1. What part of the accessible area of the chain, given as a whole %, is carbon or sulfur when the probe is 1.4 angstrom?
2. List the GluC sites (Glu not before Pro) in the range 38-102 that DSSP assigns to loop (not H, G, I, E or B) and whose Cβ has at most 15 other Cβ atoms within 10 Å. Which are they?
3. When the expected Rg is taken as 2.2 N^0.38 Å, what fraction or multiple of it is the alpha-carbon Rg of the chain?
4. Please determine, in degrees from 0 to 90 and to the nearest 10, the orientation of helix 41-51 with respect to the longest principal axis defined by the Cα atoms of the chain, where the helix direction is its Cα long axis.
5. Tabulate in residue order the Karplus-calculated ³J(HN,Hα) for the range 69-75, using 6.51 cos²θ - 1.76 cosθ + 1.60 with θ = phi - 60°, rounded to whole Hz; enter x for Gly and Pro.
6. What accessible area per residue comes out for the chain, rounded to a whole number of Å², with a 1.4 Å probe?
7. On a 0 to 90 degree scale, rounded to 10, what angle separates helix 11-22 from the longest Cα axis of the chain?
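The values are calculated or read from the model by the stated rules, or taken from the named source; none is laboratory data. On a predicted model such as this, the values are computed, not experimentally measured, just so you know. Cβ coordinates were reconstructed from backbone atoms using ideal geometry, including for glycine residues, and neighbour counts include every protein chain displayed. These area figures cover heavy atoms from the full protein model, side chains too; ligands, DNA and RNA do not enter into them. Shrake-Rupley method; radii C 1.70, N 1.55, O 1.52, S 1.80 Å.
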Amino acid sequence: MKRVTCFAADASDLHTADALNELGLFLGTGKGYELDKGLTRAQGTTLLVRMIGMEETAENGEYEARFTDVPNWNWAFYYIGYAYENGITNGTGPSTFSPNKS
């Protein structure tokens with residue numbers, strides 16, 4: 001049986017998302033916060049890099065295009081590159097990151 005995770009956002013979640021947004025940590029997507037969805041690997045990695053205060057460093061870094069599924073034009077390329085090079089995350093295979101997986 002496949003496990004399915006469900007989320008139900010409430011007022012407390014919205015308040016938390018707003019607070020994280022004000023800190024510049026959680027920006028949401030082009031469709032808002034989308035709190036009813038779980039984070040993808042790319043979103044989680046980006047959030048983590050922001051939370052440790054390394055967003056500017058990540059965005060200004062130069063990284064090898066190590067993962068074939070995260071091209072250098074992808075919005076998360078620099079966050080994933082930073083996290084990988086600093087031992088914060090790994091890929092899901094030798095040349096894949098699976099950025100859209102949870």
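1. About 51 percent, which is the carbon plus sulfur part of the accessible surface.
2. On the way: sites: 55, 56, 59, 62, 64, 85; in loops: 62, 64.
Passing both the DSSP loop test and the Cβ count: 62, 64.
3. 1.14
4. Here the helix axis deviates by roughly 90 degrees.
5. Ordered by residue, 3J(HN,Hα) equals 9, 9, x, 5, 8, 5, 4 Hz.
6. Numbers: 7080 Å² over 102 residues.
For the chain, the solvent-accessible area averages 69 Å² per residue.
7. 40
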